[in-house]
Structure formats: C-alpha cells, structure tokens
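Visitor: Encoded as structure tokens, here's the structure I'll be asking about.
The values are calculated or read from the model by the stated rules, or taken from the named source; none is laboratory data. Keep in mind that what you see is a predicted model, and the values were worked out from it rather than measured. Using ideal geometry, Cβ is built from the backbone for each residue, glycine included, and neighbour counts are taken over all protein chains shown. These accessible areas exclude ligands, DNA and RNA; they are computed on the full protein's heavy atoms, side chains included. Shrake-Rupley method; radii C 1.70, N 1.55, O 1.52, S 1.80 Å.
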Amino acid sequence: MSKTDKDTTHFGYKTVKTDDKETMVASVFHSVAKQYDIMNDVMSFGVHRLWKRFTIDASGVRPGNSILDLAGGTGDLTAKFSKLTGPQGKVILADINSSMLNVGRDKLRDLGIVGNVDYVQANAEALPFDDNSFDIVTIAFGLRNVTDKDKALRSIYRVLKPGGRLLVLEFSKPEHDLLNKAYDFYSFNILPKMGELVAKDGESYQYLAESIRMHPDQETLKSMMDDAGFEQTTYHNLTGGIVALHKGYKF
C-alpha cells in the first residue's frame with residue numbers, strides 16, 4: 001500500500017483523510033445514539049433481534065466466561081451475555097463512542113443488569129486489555145465503521161484466550177441479484193427518509209447505507225480473519241446474505 005493509500009480512506013462513498021474518519025464516524029453515532037434502538041427496530045422490522053439471538057446461540061457462551069462485546073453500543077448482546085455467563089463471569093461493553101456507551105450503560109442499569117458488566121471506551125484498533133483476556137469477543141454491526149479493519153482484527157486476536165472465539169455480525173452482500181437490487185432500493189430511497197422522520201437525521205443514515213456497501217463481502221472478510229491469525233473461520237448468511245455471522249478461533 002502506498003503512502004497516499006494510507007493517507008486516505010472511505011467514509012461511506014466519500015474519500016477522506018484517514019486521520020479524519022474516526023471523528024466523522026463519531027459525529028454520526030453521537031447524532032443517532034438516543035434513537036439507535038428505535039431505528040434498529042424500524043430499519044430491520046425487528047429482525048435484528050433474531051440476528052443477535054443467532055449470534056448468542058453460536059457463541060458457545062458458558063457460565064464463568066469472560067466476554068468482550070466490542071462496538072457494543074446500546075448493549076443488546078451484553079444484556080444477554082450477562083445472564084448467560086452469570087455472577088462468576090464478566091462482560092465488558094466497549095465502544096469508541098461515548099454517547100453510545102452512555103445510552104447502553106443507562107439502558108442496562110435501568111433493566112437491573114449490574115454486577116458482572118463493566119463499561120470501557122475503547123478503540124478496536126488498539127484495545128486496552130491484556131493479552132489472552134477473553135473467552136469470547138463479539139463485534140455486531142461495528143466492524144464496518146472501523147478505519148483499519150486488519151489492525152482491529154489483530155488487536156482482537158491478541159486479547160482472546162487460546163481456544164477463544166471471535167464472532168463478527170455485520171451487514172454483507174446479498175446472495176441473489178434480485179434481493180440485492182431490492183435491498184439497494186430500500187437502503188438508498190427509504191432508509192434515509194426513515195432516519196429523517198424517526199431520528200431527524202437522514203444524512204447519518206445515508207452514511208450508514210453507504211458504509212454497508214463499502215464493507216468487505218463474506219469471502220473477503222473471512223480471508224482477513226485468516227490473515228489476522230484466526231483458524232477454522234466460517235460464516236453463515238442470514239436473511240439471504242443481507243447479514244452474515246463470521247466466526248473464527250484463536251488456538
């Protein structure tokens with residue numbers, strides 16, 4: 001990669017300075033944080049709950065596990081992991097965005113989820129945790145917003161325990177052309193209007209639609225996980241490939 005390539009990256013369909021992307025993504029999530037849960041239900045017609053349930057079921061979580069819910073946002077996965085890992089376990093809800101982290105913390109505390117959950121503001125590219133700390137790391141709908149995804153995957157690999165596993169739940173490439181066309185129409189014609197109506201922020205949801213299209217497809221992300229050191233990497237398409245769950249192990 002040339003120096004010029006390293007100096008620029010994509011923010012949706014725009015080319016921006018690499019040093020600026022983190023701030024620009026932060027602005028999006030500061031804007032949408034308070035309406036994030038409502039918009040998730042509206043955008044996915046509630047199906048995001050099934051995608052997250054599938055991720056939990058695929059995680060192999062056991063009582064006493066130590067879990068990092070990275071880019072955990074408003075805490076949907078953390079809430080479920082907290083119950084499953086129990087009082088002897090630990091779940092860390094980590095997010096780079098303070099607004100999202102605050103919404104997640106308030107939401108889980110209001111639900112009475114305390115005791116085995118900690119909150120950490122963290123950048124996925126440079127995780128502030130010791131080597132070999134976690135049995136499970138999840139990142140749901142967050143990897144596509146990371147500037148250097150390869151660096152983030154290596155950082156995740158470092159903090160996983162031997163035998164630990166990473167699960168990446170993310171929008172991906174639909175398997176069929178007709179579905180792909182319908183999804184494009186929805187994403188670029190309807191989604192920003194929903195964002196404007198519900199969250200009073202159509203521009204941020206335009207970015208989110210674009211960021212999905214710029215994210216690596218299923219096979220590319222699998223290869224990136226392999227390159228970061230993960231083994232037995234697999235992926236499972238959900239809702240026709242609109243979303244995919246990637247899984248890899250550290251041995």
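Visitor: Taking the residues in the range 120-136 that are assigned to a strand (DSSP E or B) and within 16 Å of the chain's Cα centre (by Cα) as candidates, determine which candidate is farthest from Ala94 (Cα to Cα).
Guide: Looking at residues that are assigned to a strand (DSSP E or B) and within 16 Å of the chain's Cα centre (by Cα), I get Ile136.
Visitor: Just the residues that are among the acidic types (Asp, Glu) and either in contact with an Asp or Glu (Cβ under 7 Å, 6 or more places away or on another chain) or modelled with pLDDT of 95 or more (or both), please, taken from the range 32-67.
Guide: Within the range 32-67, just Asp57 meets the criteria.
Visitor: Just give me the residues in the range 85-100 being among the polar types (S, T, N, Q) and either assigned to a helix (DSSP H, G or I) or surrounded by fewer than 20 Cβ atoms within 10 Å (Cβ to Cβ) (or both), in sequence order.
Guide: Residues satisfying the conditions are Thr85, Gln88, Ser98, Ser99.
Visitor: Before we move on, is Val103 modelled with pLDDT under 95, assigned to a loop (DSSP other than H, G, I, E, B) and not acidic (Asp, Glu)?
Guide: Criteria not met by Val103.
Visitor: Separate question: Are there any pairs, at least 6 apart or on different chains, whose C-beta atoms fall under 9 Å, with the first in the range 208-232 and in a helix (DSSP H, G or I) and the second surrounded by fewer than 14 Cβ atoms within 10 Å (Cβ to Cβ) and at pLDDT 95 or above, and if so, which?
Guide: Lys222/Thr234; Met224/Asp150; Asp227/Asp150
Visitor: Applying the selection to the range 189-238, what residues are aliphatic (A, V, I, L, M) and open to solvent by less than 60 Å² (accessible area, probe 1.4 Å)?
Guide: Leu191, Met194, Val198, Ala199, Leu208, Ala209, Ile212, Leu221, Met224, Met225, Ala228, Leu238
Visitor: Within the range 148-206, track down each residue that is modelled with pLDDT under 90 and not in a helix (DSSP H, G or I).
Guide: Scanning the range 148-206 gives Ala199, Lys200, Asp201.
Visitor: Shifting gears a bit: Do the conditions hold for Asp177, that is, is it acidic (Asp, Glu) and loosely packed, with under 14 Cβ neighbours inside 10 Å?
Guide: Considered against the rule, which asks whether it is acidic (Asp, Glu) and loosely packed, with under 14 Cβ neighbours inside 10 Å, Asp177 comes out as yes.
Visitor: Next question. May I ask you to verify whether Ile139 is open to solvent by less than 10 Å² (accessible area, probe 1.4 Å), farther than 20 Å from Asp57 by Cβ and under 15 Å from the mean Cα position of the chain (by Cα)?
Guide: It is false that Ile139 is open to solvent by less than 10 Å² (accessible area, probe 1.4 Å), farther than 20 Å from Asp57 by Cβ and under 15 Å from the mean Cα position of the chain (by Cα).
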